[in-house]
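Chemist: Please find one structure pasted underneath; my questions will follow.
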Amino acid sequence: MDQLILSPHLDDAWFDLGGSITRWRSAGESVSVIDVFSIQGWMRFETLPSQLVTSIRKREEEKNAQRDGVALDYLDVPEGAIRGYNLVFPQTIDWSRDRVTLRHILKLLPERMHFKNAKHIYFPLGIGGNVDHLLLREAAITLGQMILGRGGSIGFYECFTLGQERSTSSGTTGGKGPHVLYCGRRGYVGLRSKRQKLDWYAGGIRR
Ligand SMILES: [Zn+2]
C-alpha cells in the first residue's frame, strides 16, 4: 500500500482529500482509508438510531471506495456525539473520558493490515475542533514515531468538512474562537486566508 488516509469519520477522507485520492489512483498508486470513529450517530436531516446511521453511511463510504478503487477498513470507535460530547465547536478533548479512547486507537491501528503496509500515512490537522479529529491528531504523536522509524512518512491534512460546517458568507467566524478553515457560501475563500490560519496553527504547535 502506498498511501493510507486515517479518516476520523465516514466521508472525511473523500471530502478532505478527494482530489489527492484521484491523483494517486490515476498515477497507479494504491490507496487505503481507515475510518476510525465509524460508529456514527448523526445525520444532517434525520434523527435515526445510531445503528441505522452507521449502516447507511458505511454503504455510502463503500460506494466511494469501490468507485475509486480504494481499500477500506473500519476501526468502529463510537464518535464524539455518542461518547457524550455536545455538537458545539470547537470542542476540546475531555481527557477523563478519552484517555482510554486514545489508548484504544493506539493499540488497534498498528494491528491493521493497511497500517502495517502503508508507506505514507495522513492524519487530520483537527482544524475546526472536532474532538475525534483532535484525538486522531494526538495519535500521530505516538504513531508518527513508529511510521518514521520504519522509513515511512506522515502528512497532515485540513479538515475541510468541519470548516465548511462552520462557514459564514463573510468568510470568518468573527474572530471569536475557532481558527477555522472554511468554505464560504459563495465558494472557497482562498489560499491567502488558509495560509494565515495554518500559520496560526503552526504557531500554536510551537508554543
Ligand atoms: Zn469528521
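Chemist: Scanning for something in contact (Cβ under 8 Å) with a residue 60 or more places away in the chain, within 19 Å of PRO124 (Cβ to Cβ), among the aromatic types (Phe, Trp, Tyr) and part of a helix (DSSP H, G or I), does region 13-26 turn up at least one residue?
Modeler: There is at least one residue in region 13-26 that is in contact (Cβ under 8 Å) with a residue 60 or more places away in the chain, within 19 Å of PRO124 (Cβ to Cβ), among the aromatic types (Phe, Trp, Tyr) and part of a helix (DSSP H, G or I).
Chemist: A further question on this structure: Out of (1) of a type in the set (Gly, Ala, Ser); (2) at pLDDT below 95; (3) within 13 Å of the ligand (Cβ to nearest atom), the odd one out for SER7 is which?
Modeler: In the conditions (1) of a type in the set (Gly, Ala, Ser); (2) at pLDDT below 95; (3) within 13 Å of the ligand (Cβ to nearest atom), SER7 misses (2) alone.
Chemist: Further question on the same structure: For residues in region 9-53 being of a type outside the set (A, V, I, L, M, F, W, C) and touching a Leu at 6+ places or on another chain (Cβ under 8 Å), which is surrounded by the most Cβ atoms within 10 Å (Cβ to Cβ)? Write out each step before concluding.
Modeler: Here is the first cut: in region 9-53, the ones of a type outside the set (A, V, I, L, M, F, W, C) are 9, 11-12, 16, 18-20, 22-23, 25-26, 28-30, 32, 35, 38, 40-41, 44, 46-47, 49-51.
Right, trim to touching a Leu at 6+ places or on another chain (Cβ under 8 Å) and you get 32, 35, 38, 40.
Values: SER32: 23, ASP35: 26, SER38: 22, GLN40: 24.
Per the stated criteria, the residue is ASP35.
Chemist: Right, here's the next one. Take PRO90 and decide whether it is under 17 Å from TRP14 (Cβ atoms) and within 16 Å of the chain's Cα centre (by Cα). Break it down into steps so the answer makes sense when it comes.
Modeler: Working: under 17 Å from TRP14 (Cβ atoms): no; within 16 Å of the chain's Cα centre (by Cα): yes.
Against the criterion (under 17 Å from TRP14 (Cβ atoms) and within 16 Å of the chain's Cα centre (by Cα)), PRO90 does not qualify.
Chemist: Can you find a residue in region 101-110 that is within 16 Å of the ligand (Cβ to nearest atom), crowded, with 17+ Cβ neighbours inside 10 Å, hydroxyl-bearing (Ser, Thr, Tyr) and over 25 Å from MET146 (Cβ atoms)? Lay out the reasoning, then the answer.
Modeler: Of region 101-110, the ones within 16 Å of the ligand (Cβ to nearest atom) are 101, 105.
Of the ones still in play, those that are also crowded, with 17+ Cβ neighbours inside 10 Å are 101, 105.
Pick out the ones that are also hydroxyl-bearing (Ser, Thr, Tyr) and you get 101.
If we keep only those that are over 25 Å from MET146 (Cβ atoms) too, we end up with none.
Scanning region 101-110 turns up no residue that is within 16 Å of the ligand (Cβ to nearest atom), crowded, with 17+ Cβ neighbours inside 10 Å, hydroxyl-bearing (Ser, Thr, Tyr) and over 25 Å from MET146 (Cβ atoms).
Chemist: On to the next question. Hey, any hits in region 24-33 for a residue that's within 14 Å of the ligand (Cβ to nearest atom) and β-branched (Val, Ile, Thr)? Steps first, please.
Modeler: Going through region 24-33, the residues within 14 Å of the ligand (Cβ to nearest atom) turn out to be 33.
With the extra rule that they be β-branched (Val, Ile, Thr), the set shrinks to 33.
Among the residues of region 24-33, at least one is within 14 Å of the ligand (Cβ to nearest atom) and β-branched (Val, Ile, Thr), which makes the answer yes.
Chemist: Of all residues in region 74-100, which are of a type in the set (Gly, Ala, Ser) and either touching a residue at least 40 places away in the same chain (Cβ under 8 Å) or crowded, with 17+ Cβ neighbours inside 10 Å (or both)?
Modeler: Step one: of region 74-100, the residues of a type in the set (Gly, Ala, Ser) are 80-81, 84, 96.
Of everything in region 74-100, those that are of a type in the set (Gly, Ala, Ser) and either touching a residue at least 40 places away in the same chain (Cβ under 8 Å) or crowded, with 17+ Cβ neighbours inside 10 Å (or both) turn out to be GLY80, ALA81.
Chemist: Of all residues in region 34-73, which are within 16 Å of the ligand (Cβ to nearest atom) and touching a residue at least 60 places away in the same chain (Cβ under 8 Å)?
Modeler: Matches in region 34-73: ILE34, VAL36, PHE37.
Chemist: For residues that are among the β-branched types (Val, Ile, Thr) and in a helix (DSSP H, G or I), scanning just region 92-151, find the one that is farthest from PHE37 (Cα to Cα).
Modeler: Residues of region 92-151 that are among the β-branched types (Val, Ile, Thr), as a first pass: 92-93, 100-101, 105, 121, 127, 131, 141-142, 147.
Pick out the ones that are also in a helix (DSSP H, G or I) and you get 100-101, 105, 131, 141-142, 147.
Values: VAL100: 14, THR101: 10, ILE105: 10, VAL131: 11, ILE141: 18, THR142: 18, ILE147: 21 Å.
The selected residue is ILE147.
Chemist: Here is a follow-up. Need the failing condition index for ASP76 against (1) in contact with a helix residue (DSSP H, G or I) (Cβ under 7 Å, 6 or more places away or on another chain); (2) more than 30 Å from GLY28 (Cβ to Cβ); (3) at pLDDT 95 or above; (4) away from the ligand (no atom under 14 Å from the Cβ), just the number.
Modeler: (1)
Chemist: Are any residues in region 10-23 of a type in the set (A, V, I, L, M) and more than 10 Å from the ligand (Cβ to nearest atom), and if so, which ones? Step through it out loud before you land on a result.
Modeler: Taking region 10-23 and keeping what is of a type in the set (A, V, I, L, M), we get 10, 13, 17, 21.
Scanning region 10-23 gives LEU17, ILE21.
The values are calculated or read from the model by the stated rules, or taken from the named source; none is laboratory data. Please read all numbers here as calculations on a predicted model, not as lab measurements. Every residue, glycine among them, receives a Cβ derived from its backbone with ideal geometry; neighbour counts consider all protein chains shown.
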